[in-house]
1. Mind checking whether some residue in segment 27-44 is modelled with pLDDT of 95 or more and touching a Ser or Thr at 6+ places or on another chain (Cβ under 7 Å)?
2. Could you list all residues from segment 89-146 that are β-branched (Val, Ile, Thr), closer than 13 Å to Lys58 by Cα and in contact with a Phe, Trp or Tyr (Cβ under 9 Å, 6 or more places away or on another chain)?
3. Just a yes or no: is a residue in segment 84-93 in contact with a helix residue (DSSP H, G or I) (Cβ under 6 Å, 6 or more places away or on another chain), of a type in the set (A, V, I, L, M, F, W, C) and surrounded by 15 or more Cβ atoms within 10 Å (Cβ to Cβ)?
Amino acid sequence: MVFSVHPEYPDSPQLSQPNLFTEPATMDYVQAKEYCLNKPAAREDHPFGPEVTVFKVKEKMFGTLSENEGVGQMNLKCDPQQALMLRDIFESVMPGYHMNKKHWNTVILDGSIPIGELQRMIDHSYTLVVKGLKKTERQALELRFPAKELYLD
């Protein structure tokens, strides 16, 4: 919330409406990293070197994040049909770089994809990986976290 002071009443702050033109409409490298790490039981790893951050849940990768010339890019797991659809809709979504191109997309964080859609893509990737875990691993997560946080799509 943002407070502003009414000119006639300088001692009484009033809530002002958020400025939709100055608040971010998309996600940058730092925000993407934070969003991924806020998933239940998510952790960060660097098996490919310090330049590539890998996000895992129970040792299974649900995303990668790196920078190329100051622009973030993510690899995210995706349902094959949805992967093709997203590539058709967004120029900044392409087959997964160094990944199985049927099941992974590379998403360029260039500001062209709305923040809600990027969050949905990350949620979808995370959910696919959680659903693919061994039954005992999945059940252990289900005991610690509500289903609505684990299964987001």
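The values are calculated or read from the model by the stated rules, or taken from the named source; none is laboratory data. Just so we're clear, the structure is a prediction, and the values are computed from it rather than from any experiment. Using ideal geometry, Cβ is built from the backbone for each residue, glycine included, and neighbour counts are taken over all protein chains shown.
1. Yes, there is a match, as at least one residue in segment 27-44 is modelled with pLDDT of 95 or more and touching a Ser or Thr at 6+ places or on another chain (Cβ under 7 Å).
2. Thr127, Val129, Val130
3. yes
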